[in-house]
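Since the structure comes first, as structure tokens, the remarks are kept for the end.
The values are calculated or read from the model by the stated rules, or taken from the named source; none is laboratory data. Owing to the predicted nature of the structure, the values given are computational and were not obtained by experimental measurement. When we count neighbours, we look across all protein chains shown, and the Cβ atoms used for this are built from the backbone with ideal geometry, even at glycine. All accessible areas refer to the heavy atoms of the entire protein, side chains included, with ligands and DNA or RNA removed. Shrake-Rupley method; radii C 1.70, N 1.55, O 1.52, S 1.80 Å.
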Amino acid sequence: MQNNTFSTLFVGQNLIKLSAVDSTNNFLKNLVSNSEPLAEGTVIMAENQYAGRGQQQNTWHAEPGKNLTFSVLLRPGFLPLDKQFLLNMVVSVAVNRVLSAYVPSGMRIKWPNDVYYFDQKMGGILIENTIVGSTIKTAVIGIGLNVNQQVFAPELKQRATSLGQILQQDVNLDKLLSEICTELERLYLQLRAGHYTELRQSYVDRLYRFDQPANYRQNGEVFEGTIKGISDLGLLCLEKEGQMVEYNFKEIEFLTHI
């Protein structure tokens, strides 16, 4: 464990760097489950995460030493259960804002929380909440970003990209981590202060395909729809054949021409 020079109050002040781990989320959850209390804002960063996880048990592959794979511990006990998707918005918007400072156009949030550059995936976010009664006791937030990776598997070449590929130069990983921790903390404190409306608008403004007709698939059926917003519970609100329809995670597949 080490203290940092991060210009934050608590996010990233306790930083644990690992050379290799199966999953930073798993490692952090194990630490939390131990009897010793762990400071809110603790960050686990791994140079090599060899069994990273995405949504719905998907795997996340990252070239060792080239990318950011880290997890953050938060304790959002103030957040009502029916508003827990707002935490997802905090993390997604924080990452998007930081990356948009490097790449002024094209950075988007693909609902619910993938990091996209135009039609290519650059990263993903996995939030695992521990709920006790009606309170979110802990939130373990895993973030994986393609930063300096230049080569991807053939099947991912058209669908994935990295910050370094876009900029045609390497990016300092520690600096990028510090910037994300700073923005994450700033938005988290806004959330704690109850600034829900502004946060929701920031998320919707950054949504991939927002207000753009596009093709989707549900249960084998391909249809055209237009994303119009996000419900309070985090469902995707899509206009389909003149009607508003809400979709839960993994109920709908985004189709692309790539």
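Give me the percent of DSSP beta bridges within the chain that run antiparallel, rounded to the nearest 5.
Working: 48 of 57 bridges.
Bridges in the chain that DSSP calls antiparallel: roughly 85 percent.
Label separation (residue 211 vs residue 172): 3.8 nm, computed from points 7 Å beyond Cα along the C-beta direction. Overall, the range 147-238 carries a charge dipole of about 100 debye about its Cα centre when +1 sits on the Cβ of Lys and Arg and -1 on the Cβ of Asp and Glu, all other atoms neutral.
For the chain, the dipole from Cβ point charges (+1 on Lys and Arg, -1 on Asp and Glu) about the Cα centre works out to 240 debye, to the nearest 20.
Say a site is exposed when it is one of the GluC sites (Glu not before Pro), sits in a DSSP loop, and has at most 13 other Cβ atoms within 10 Å; what is then the longest site-free stretch of the chain?
The answer is 1-240.
Can you classify the range 154-258 as rounded, prolate or oblate using the Cα gyration tensor, where a ≥ b ≥ c are the square roots of its eigenvalues, rounded means a/c under 1.5, and otherwise it's prolate if a/b beats b/c and oblate if not?
In terms of gyration-tensor shape, oblate.
Among 26, 248, 14, whose mean-square fluctuation peaks in a Gaussian network model of the chain (Cα, cutoff 10 Å)? Among 26, 248, 14, the largest GNM mean-square fluctuation belongs to 248.
Distances over 21 Å make up what percent of all Cα-Cα pairs in the chain?
On the way: 19483 of 33153 pairs.
Result: 59 percent of Cα pairs exceed 21 Å.
Taking every DSSP bridge with both residues inside the range 114-206, close to 95 percent are antiparallel. Run the count for the chain, please: Lys pairs, Cα-Cα under 21 angstrom, 8 or more apart or on different chains. For the chain, the number of qualifying lysine pairs is 21.
Largest first and in whole Å, what are the equivalent-ellipsoid semi-axes of the range 203-258 based on the Cα gyration tensor, each being the root of 5 times an eigenvalue? Please report the intermediate quantities before stating the final value.
Numbers: eigenvalues 54, 34, 26 Å².
In descending order, the three semi-axes are 16, 13, 11 Å.
How much of the accessible area of the chain, probe 1.4 Å, is carbon plus sulfur, in whole percent? Walk me through the numbers before you get to the answer.
Values: 5830 of 12410 Å².
Answer for the chain is 47 percent, counting heavy atoms of protein chains only.
Each residue of the range 90-103 was assigned a 3J(HN,Hα) from its phi angle through the Karplus curve 6.51 cos²θ - 1.76 cosθ + 1.60 (θ = phi - 60°); the sequence is 4, 5, 4, 5, 4, 5, 4, 5, 5, 5, 5, 6, 8, 10 Hz, with glycine and proline shown as x. Using modelled backbone amide H atoms (1.01 Å from N, in-plane), which distant-in-sequence or interchain residues come within less than 5 Å of residue 119's amide H? Here the answer is none, since no amide H 5 or more places off falls under 5 Å of that of residue 119. In the chain, a dipole from Cβ-located charges (positive for Lys and Arg, negative for Asp and Glu) runs towards its positive end, and of 203, 143, 18 it is 18 whose Cα lies farthest in that direction. Placing +1 on each Lys and Arg Cβ and -1 on each Asp and Glu Cβ, with no other charges, gives the range 82-177 a dipole about its Cα centre of roughly 140 debye. Take the range 126-221 with all the other protein chains still there, run a 1.4 Å probe, and you get 50 Å² of accessible area per residue.
Ratio of the range 88-229's C-alpha Rg to 2.2 N^0.38 Å, to two decimals?
Working: Rg = 16.4 Å, N = 142, 2.2 N^0.38 = 14.5 Å.
Here the answer is 1.13, to two decimals.
Once you have the Kirkwood Rh of the range 104-147 from its Cα pairs, apply Stokes-Einstein at 10 °C and 1.306 mPa s and quote D in µm²/s. All intermediate terms of the calculation are to be shown ahead of the outcome.
On the way: Rh = 11.9 Å.
The estimated diffusion coefficient comes to 133 µm²/s.
Show the residues, 5+ positions off or on another chain, whose built amide H is closer than 5 Å to the amide H of residue 207. Hits under the 5 Å cutoff: 109.
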